[in-house]
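The values are calculated or read from the model by the stated rules, or taken from the named source; none is laboratory data. Since we're looking at a predicted model, the values are computed, not measured. Here Cβ is always computed from backbone atoms with ideal geometry, including for glycine, and neighbour counts include all displayed protein chains. Surface accessibility is based on the protein's heavy atoms, side chains included, excluding ligands, DNA and RNA. Shrake-Rupley method; radii C 1.70, N 1.55, O 1.52, S 1.80 Å.
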Amino acid sequence: MTADARPPALPLTAGQRARRARILDATAELAGRGGFEAVQMREVAEAAGVALGTLYRYFPSKVHLLVATLHDRLRLLRTTLADHPPAGHTPGERAATTLLRAFGALRREPELADAMLRAWTFADRSVGAETDAVSRLVREIVLDAAGLTDPDAGQLSAVRVVEHTWHCTLASWLSGRAPAGQVRTDIETVCRLLDP
């Protein structure tokens, strides 16, 4: 089985979780300094203080690493939202506030944002479980922010449209095709689909 076809190992012990966290931190640091191309498996392993074989056991490829880094950043956002709920009178306003908060964080680290989004966008089937986990987490963040605890089919569809729009507007911004103001307007507009 090739490295790309092998599923990543799941960390189980406290030591394994700490090692995984060091790997993701090293990935974010390298990507933040030089984008997608700066993330090389050997350099990540050295920066994280792990053997190259260990790195490959957790993350079979650079794309796996960067998608996991994106998931980790989104997980932290969700935790932050639980402690500091978004302001807004409607579900759409709260969802827009949340996604714009995430956009602000990405704007502060454009090289890292580009690397993570490029990996998520162009991941092949071998990274399907990880990209699906990112998509689920984005939907959960939107649902949490909007306060939709028991969404109906129409609301779930609207959340998927919000997720797709968020992804596309980020890609447009990162490629220089859309200014930040347009991203803001598009996100605020699409999030109105969540309002009753």
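How high is the FRET efficiency between SER172 and ALA18 when r is their beta carbon distance and R₀ equals 41 Å, given to the nearest 0.05?
Working: r = 37 Å, r/R0 = 0.90.
E(calc), rounded to 0.05, equals 0.65.
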| query | By how many degrees, between 0 and 90 and to the nearest 10, does the Cα long axis of helix 91-108 differ from the longest principal axis of the chain? | reply | 40
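Classify the stretch 121-196 from the C-alpha gyration tensor, please: rounded if a/c falls under 1.5, else prolate or oblate depending on whether a/b exceeds b/c.
Oblate shape, in that a/c is at least 1.5 and b/c is the bigger or equal ratio.
By per-residue mean of other Cβ atoms within 10 Å, what is the highest-first order of 80-89, 37-46, 64-73?
Details: 80-89: 12.2, 37-46: 16.5, 64-73: 23.5.
The densest-packed peptide leads the list: 64-73, 37-46, 80-89.
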| Percent accessible area from carbon and sulfur atoms, the stretch 146-193, protein chains only, probe 1.4 Å | 53
| request: Determine ³J(HN,Hα), in whole Hz, for all residues of the stretch 135-143 in sequence, where each value follows from phi through the Karplus function 6.51 cos²θ - 1.76 cosθ + 1.60 and θ = phi - 60°; x replaces Gly and Pro. | output: 4, 4, 5, 4, 4, 5, 4, 5, 4
| task | Just grab the label-to-label distance for GLU140 and LEU156, each label 7 Å out from Cα along the Cβ direction, in nm (one decimal). | result | 1.6
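What accessible area per residue comes out for the stretch 116-171, rounded to a whole number of Å², with a 1.4 Å probe? Mind showing how you got there, number by number?
Details: 2700 Å² over 56 residues.
That works out to 48 Å² for each residue.
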